[in-house]
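Please treat every number below as a calculation from the coordinates, not as lab data. This one's a predicted model, so the numbers in the text were calculated from it and none came from an experiment. When we count neighbours, we look across all protein chains shown, and the Cβ atoms used for this are built from the backbone with ideal geometry, even at glycine.
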Amino acid sequence: MTASFDVAVIGLGAMGSAALAFLAGRGVRAIGFDAYFPAHALSSSHGDSRLIRLGYFEDPSYVPLLKRAYQNWRSLEARLRTEILTITGVLQIGAPDSKIVAGTRASSELHGLAYEALDKEEMARRFPAFQLDDHEMALFDPQGGYLRPEAAVLGYLRLAVEDGAILHFGEKVTAIEPDDAGVTIISETGRYRAGKIVVATGSWIAELIPQLKQAAVPIRQVVAWYQPQDDVATQPQRMPCFLRDEGAQGTYFGFPAIGVDGVKVGKHAHFREPIDPNKPNPPVNDADRDLLDSFIRKRVPAAAGLRMKETTCRYTMLPTEDFLLDHMPGEKNIVVASPCSGHGFKFTSVVGEILADLAIDGQTDLPINAFSFAKV
Ligand SMILES: Cc1cc2nc3c(=O)[nH]c(=O)nc-3n(C[C@H](O)[C@H](O)[C@H](O)COP(=O)(O)OP(=O)(O)OC[C@H]3O[C@@H](n4cnc5c(N)ncnc54)[C@H](O)[C@@H]3O)c2cc1C
């Protein structure tokens, strides 16, 4: 007999684990599948830390979702009795008219969010780890900080199980067959039925949702950790998380010394190299190292000690670099969870709620009009 569920979640990374927890929390019979064991190194949800910030330069329309995400992160922590979100503040550094600085200011003002504008001298006094050019400045978002991705994914899976969900790890779903009554799910080892499914397969999304083959592009990302030269200046109390707008050279991001490996940095979208999700990520090479070593020496000299660790990860980009949270066109029983264009982790806690709403109620009160299939 084929096992039958109200909702099945395919992919238990960030978005899928949160969706499963919200579904189980609402009392539906839910099952989750992952091809590997979350939060594994081929996923997009590993590497110790993810930035969260409120004055969103990308578009002010994300701010209401972020406010809900903050609430939901705190609820997760309360239930797990562990810290997932740490506030350090986030510095957004660049020229006053740069996309990040001007965008953060506009977004913060529109939503009445607190921020501080700091010139080069004020930055040197308060946050001496950073090197600014004369014309540059920083906006300090006091509500910014970092999340622990592995703890969040595993935490959501724990809550899902506590609330009755079933987890199948190491089981890849190879096909989904929708009909009027629900969806048949075929995996490498079994066949299942569910009334609705949520597809949250990250960089593999186009395998089950072929409409996204052109639009959803997995790219390689690289991050590295550096031993501080100055242990005091790189502590979270003196060194907030940061984003740095280098104009045509792109955007860099980083975290203070929050673990034994030191200060972590990366460049948003790195070299924009498309990858095959079914092959191991191409390993870190000398061009990757040169890029990140040069950045840290020039812009965060207090952290420019030995490179302690390096790793690869994946972004899955949509043409708009926005999200996608919608039913599959023409399929009311299939909900598609965003490949989040490299900035989705901070939203995981609200995306999970949205996906559960879409699967159970067919709609959500949260503002997701910008994230429909029609926009992709
Ligand atoms: C280096 C790096 C830094 C980032 N920094 C930030 C940041 O600072 N702030 C921020 O907000 N965001 C950040 N992001 C983006 C964020 O991490 C991603 O948007 C998010 O992790 C995507 O989660 P996901 O659930 O979509 O994908 P994943 O976590 O990859 O999960 C997908 C899961 O689906 C499973 N799967 C795939 N196919 C199948 C199948 N057929 N059957 C069963 N299971 C399947 C996979 O095994 C995987 O576990 C960063 C990303 C990277 C890589």
*Non-local amide H neighbours of MET317 (under 5 Å, H modeled in plane, Pro and chain starts lacking H): which ones?*
VAL217, ILE219
*May I ask which residue of ASN281, GLY254, ILE296 lies farthest towards the positive end of the charge dipole of the stretch 244-376, with charges of +1 (Lys, Arg) and -1 (Asp, Glu) on Cβ and the Cα centre as origin?*
ILE296
*Got a sec? Charge dipole of the chain, +1 on Cβ for Lys and Arg, -1 for Asp and Glu; which of ALA138, PHE169, SER45 is way out at the positive end?*
PHE169
*Can you put VAL351, VAL284, VAL161, VAL9 in order of Cβ neighbours within 10 angstrom, beginning with the fewest?*
VAL161, VAL284, VAL351, VAL9
*Given a cut-off of 29 Å, name the pairs among LYS309/LYS375; LYS213/LYS264; LYS346/LYS375; LYS67/LYS213; LYS264/LYS375 whose C-alpha atoms lie farther apart than that in the structure shown.*
LYS309/LYS375; LYS213/LYS264; LYS67/LYS213; LYS264/LYS375
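When the dipole is taken about the Cα centre of the chain, and only Lys, Arg (+1) and Asp, Glu (-1) are charged at their Cβ, what size is it in debye, to the nearest 20?
Numbers: 38 positive and 46 negative charges, 101 e Å.
That gives the chain a dipole magnitude of about 480 debye.
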*Using Cα positions and a limit of under 16 Å, work out the aspartates and glutamates in reach of LYS196, with same-chain residues fewer than 8 apart set aside.*
ASP6, GLU177, ASP179, ASP180, ASP326, GLU331, GLU353, ASP357, ASP361
*Once you put a point 7 Å from the Cα of ASP365 and another 7 Å from the Cα of LYS332, both along the Cβ direction, what distance in nm separates them?*
2.3
*Determine the shape class of the stretch 65-131: with a ≥ b ≥ c the square roots of the Cα gyration tensor eigenvalues, call it rounded for a/c under 1.5, and otherwise prolate if a/b is greater than b/c, oblate otherwise.*
oblate
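Where does the charge balance sit around GLY47 when Lys and Arg score +1, Asp and Glu -1, over other residues with C-beta under 13 Å from its C-beta? Kindly include the intermediate steps, with their values, before the conclusion.
Numbers: positive: ARG50, ARG148, LYS264, LYS309, ARG314; negative: ASP48, GLU150, ASP261, GLU310.
Once positives and negatives cancel, what remains is +1.
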*With +1 on each Lys and Arg Cβ and -1 on each Asp and Glu Cβ, and nothing else charged, work out how big the dipole of the stretch 283-368 is about its Cα centre, in Debye to the nearest 20.*
620
*Could you check the simple spin-label distance between THR320 and LYS279, using points 7 Å along Cα→Cβ, in nm with one decimal?*
3.2
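Using +1 on the beta carbon of Lys and Arg, -1 on that of Asp and Glu, and nothing else charged, what's the dipole of the stretch 149-272 about the Cα centre, debye to 20?
Numbers: 12 positive and 14 negative charges, 57 e Å.
Dipole of the stretch 149-272, to the nearest 20 debye: 280 debye.
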*Return the whole-Å distance between the Cα centroid of the stretch 211-239 and the Cα centroid of the stretch 270-345.*
9
*Would you please give the FRET efficiency between GLN71 and ALA114, computed as 1/(1 + (r/R0)^6) with r the Cβ-Cβ distance and R0 = 25 Å, to the nearest 0.05?*
0.90
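Determine the relative contact order of the stretch 230-352: mean sequence separation of Cα pairs under 8 Å and six or more apart, normalised by residue count, in whole percent.
Values: 132 pairs, mean separation 20.1, N = 123.
Relative contact order for the stretch 230-352 comes out at 16 percent.
Would you order TYR192, TYR36 from fewest to most other beta-carbon atoms within 10 Å of each residue's own beta-carbon?
On the way: TYR192 20, TYR36 15.
Final ranking by Cβ density, sparse to dense: TYR36, TYR192.
May I ask you to compute the full-extension gain from SER294 to LEU80, defined as 0.36 nm times their residue separation minus their alpha-carbon distance, rounded to one decimal in nm?
Numbers: separation 214, 0.36 × 214 = 77.04 nm, distance 3.98 nm.
Taking SER294 through LEU80 to full extension adds about 73.1 nm, to one decimal.
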*Sorted from fewest to most neighbouring beta carbons within 10 Å, what does the list THR86, THR316 look like?*
THR86, THR316
*asked:* Could you work out [θ]222 nm for the chain from helices alone, using -39500 (n - 2.57) per DSSP H run of at least four and dividing by all its residues? Round to the nearest 500 deg cm²/dmol.
replied: -8000 deg cm²/dmol
*At 0.36 nm per residue, minus the direct Cα-Cα distance, what do GLU162 and LYS99 gain on full extension? Give it in nm, one decimal, please.*
18.3 nm
*Extension reserve of the ASP286-GLU122 stretch, reckoned as 0.36 nm per residue once the Cα distance is removed*: 55.5 nm
*So which trypsin sites (Lys or Arg not before Pro) in the stretch 1-93 are both in a DSSP loop and have at most 12 other Cβ atoms within 10 Å of their Cβ?*
ARG81
*In the stretch 324-376, chymotrypsin sites (Phe, Trp or Tyr not before Pro) in a DSSP loop with at most 11 other beta-carbon atoms within 10 Å*: none
*asked:* Using a Förster radius of 25 Å, what is the FRET efficiency between PHE37 and GLU58 based on their Cβ-Cβ separation? Nearest 0.05, please.
replied: 0.20
_Descending Cα extents along the principal axes, the chain, whole Å_ = 69, 44, 40
*Each residue of the stretch 43-60 in turn: what ³J(HN,Hα) in whole Hz from Karplus with 6.51, -1.76, 1.60 and θ = phi - 60°, glycine and Pro shown as x?*
7, 9, 10, 10, x, 6, 8, 9, 6, 9, 8, 9, x, 7, 5, 4, 5, x
